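The values are calculated or read from the model by the stated rules, or taken from the named source; none is laboratory data. Only a predicted model underlies this, so the values are computations on that prediction, with no experimental measurement involved. Positions of Cβ are backbone-derived with ideal geometry, glycine not excepted, and every protein chain shown enters the neighbour counts.
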């Protein structure tokens, strides 16, 4: 008997084939709309592709820093730590930090899981992070509950401590994440069907079908030839508005536009909002501007950072803390943090007013404000200011006692 049980299988039997195997043969069970939804077909739906690009690219462009806290409210970037370079510049020999983060995040959103192998030197320090296609990985569980990862293609089996495993927050076994694409398959299927319907309409010249009527009786071969000639002449966008010449008493009668066709745009718009809701992406970020105004877009951007990006950022921070730091480093105040300022920066005037308030309230020094604006540091500006009409509580009393 095997010492492992399979949590996510990549092998399939004939009697009870796995879903991934059926999908690879094009035999997946379609949704109620008739569309087969897989991670590949889902990306052909414009709103799904846009949402995944928005979240994965927005998270990837956030600076990811490694800090050490002194336990008294101060912290310092650990630029000399070997892990710092991996996360800030070059995680492996073929990717930049942006490419690594965007690939891993897209895998989480599509497959529900993202896997990267941690390559270590002789002292156990991480030297490379090698991402894997989750479809190629089999997740195993030992009898005592430990996780192992079969990387496939003869790459071997790796223990959990050598694997960065980012999971979708939705999970029914707490050890592997569920694919959002599968969970929202019906919504994506309807959106896909609506897009194909629109393509078919324009493929027919953006005109409804209809009937060619003749006074006399036509033999079947003649009817087929007339139908073929008509479609060759008028089908397709490039044949739109071509002049038709009807002879021998023929007439054309267009099919009436149905109530369902009149609701086509509303259906597409509603499905787009539904998909945005699943991913918690602000609609204006994927080009849906019908409810956006100049006054609320900045507020929606803040909500996007808090609701769509921050949960994923926390997921990354905790997994990296668990897998890339030694136990003594974890106990010594080392940790990782994404800088969210990169996506929630206010306009210039608002930022300047905020800096002014922070400096006058002794929350920030002028030099710290310069650094946040990507300006050179000025040591002579590194001081806290205090308004002339303010003083520390009890300071005057202490001065009187000294006198």
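Being at pLDDT below 80, under 27 Å from residue 63 (Cα atoms) and not assigned by TED's automatic domain parsing to the domain that holds residue 63 is a condition met by no residue of segment 378-388.
Within the bounds of segment 90-111, is there any residue that is farther than 28 Å from residue 179 by Cβ, in contact (Cβ under 8 Å) with a residue 12 or more places away in the chain and surrounded by 15 or more Cβ atoms within 10 Å (Cβ to Cβ)? Looking for residues that are farther than 28 Å from residue 179 by Cβ, in contact (Cβ under 8 Å) with a residue 12 or more places away in the chain and surrounded by 15 or more Cβ atoms within 10 Å (Cβ to Cβ), one finds none in segment 90-111, hence no.
Elements of the type helices (runs of 4 or more DSSP H) sitting completely within segment 136-235 and holding at least 1 residues that are under 30 Å from residue 276 (Cβ atoms) and at pLDDT 65 or above: these cover 180-183, 185-203.
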